[in-house]
Each structure stands twice: as structure tokens, then as C-alpha cells.
Amino acid sequence: MVQTMLEVIALDATDAEAAQAGGAHRLELTVDMAADGLTPPVTVLRDVLSATDLPVRVMLRDAPGFAPGDLDGLRRDAEALREAGAAEFVLGFLDADGRVDEAACAALVAELDGCAWTFHRALDNSADPEAAWTVVGGLGCDTVLAAGSARGVGDGLAVLERLAARQDAVRLLVGGGLKVEHVAPLKAVGVTGFHVGSAVRPGGWGAPVSADAVRSWVNLV
């Protein structure tokens, strides 16, 4: 039986420690949530890896939106982060027509040398999220983070149900406006992966992760 999983967004080592104390199963490491999450500096990664023994998926994204700002720069970032100990990543790009940018994704994935990775919520912002699921699965990720809609989980439940039915080698990780009341219906259709950020920060993005809030979500999922 597939175990349920809670992934928590961490912005620094303090967040990582609180998430682990609360029982989180994995971290997504990113910075600058005003831009919806960008690649963290190597120094932040090192601090987080020293603070936790949880799996850490590191964001590779250098600009707001879903096109790479500097793909060669992102490839250099990936190399530096791997040298610093990163073993799992998060990435995803769209082209100007809202389709998965397979070439850009493949170029960056080539730098990961077999590391596990998640295709992030670019899927929700694509022209056709369900068609994008098929494309993304061919790129080699093991997880897709999605809300089913660019507006969040509340608007994307019908799409998420259809994506959940298509899980095989690729796992659906639901996040983006995820609320407590969404969990039961999502579990009922086969979702086993849940992703939270602001939901475990009672004080907002300017405040740290709450271990108690994480524990509540772990018990819920």
C-alpha cells in the first residue's frame, strides 16, 4: 500500500527543523515566495541539509512565470547545488503557447544525472493540464505538483480527480491553496501526496513554519 506523504515548503534551516519536528515526510526548499519560489543559494541549501535528515527537493526556477530566465544559469545552479549535496529537485517550464517546454526541461534534467525530481505547478498554468500530464511523464519526473487549476485546489478538484486516476510511475502531489476540507475527497480518489506552505505558517510567509501546524497536517493526511 502506498503511504501518504506530506511535503512542506521550507525557506531556511529554521523551517526545516520545525517541519521535521512536526513529522513532515519531505521538504521543498525554495526562496522568495513573493515570486512564487526561486532557486535557493547554495549557502541556504547547506544550512538546511545540516539541520535535517528529511529528503529535500530543491527548486530550480530563476524568474517569475514559467519560462527560464537564463537556462544556462540554471544549469550552473543545478551543478553547484548537486556539488553541495542536493539529491532531489523541482522544476518545470512552459513555452509561449502554454505547452510544456520539453527542450528546456530536458536540458536542465540532463544536469541532474538521474536525480529524482518534481514537475511543479507549471502544469496548472499550461493550456491543457491533462494533456501536459502525459508530456511531463515522458520527461522522467517521478512526481507532479498540481492544484488542478491556476486558481488553486478549490477550483481544480475535478481535474485532480482525473489526474489521480492516471497515476502510475508518476505520483500526483496536490498543493496550491490546499485546505483541510480538501483532504478527504482527494484521498477518496487516490491522492496520497500533499504539499503545504502557508497552511503551516500561522503568521504568514514572513513567519516560520509551525511544528504544531505540521503535526496537525501529518495526522490529517
Note: among ASP142, ASP128, ASP113, ASP124, just one is at pLDDT 95 or above and farther than 23 Å from VAL183 by Cβ, namely ASP128
SER126 passes all but one of the listed conditions (1) under 23 Å from LEU27 (Cα atoms); (2) surrounded by 23 or more Cβ atoms within 10 Å (Cβ to Cβ); the exception is number (1)
Flag for VAL180 being surrounded by 17 or more Cβ atoms within 10 Å (Cβ to Cβ), modelled with pLDDT of 95 or more, hydrophobic (A, V, I, L, M, F, W, C) and out of contact with any Gly (no Cβ under 6 Å at 6 or more places or on another chain):
no
Among LEU108, LEU45, the single one that is within 18 Å of the chain's Cα centre (by Cα) and over 17 Å from PHE119 (Cα atoms) is LEU45
Going through the stretch 75-101 in order, the residues found to be assigned to a helix (DSSP H, G or I) and surrounded by 23 or more Cβ atoms within 10 Å (Cβ to Cβ) are ASP77, ALA78, LEU81
For strands (runs of 3 or more DSSP E) lying entirely in the stretch 116-204, having 1 or more residues that are touching a residue at least 60 places away in the same chain (Cβ under 8 Å), over 28 Å from ALA16 (Cα atoms) and among the acidic types (Asp, Glu) picks out none
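The values are calculated or read from the model by the stated rules, or taken from the named source; none is laboratory data. Note that the structure is a prediction, hence the values are computed from the model and not measured. So basically every Cβ, Gly included, is an ideal-geometry build from the backbone, and we count neighbours across all protein chains shown.
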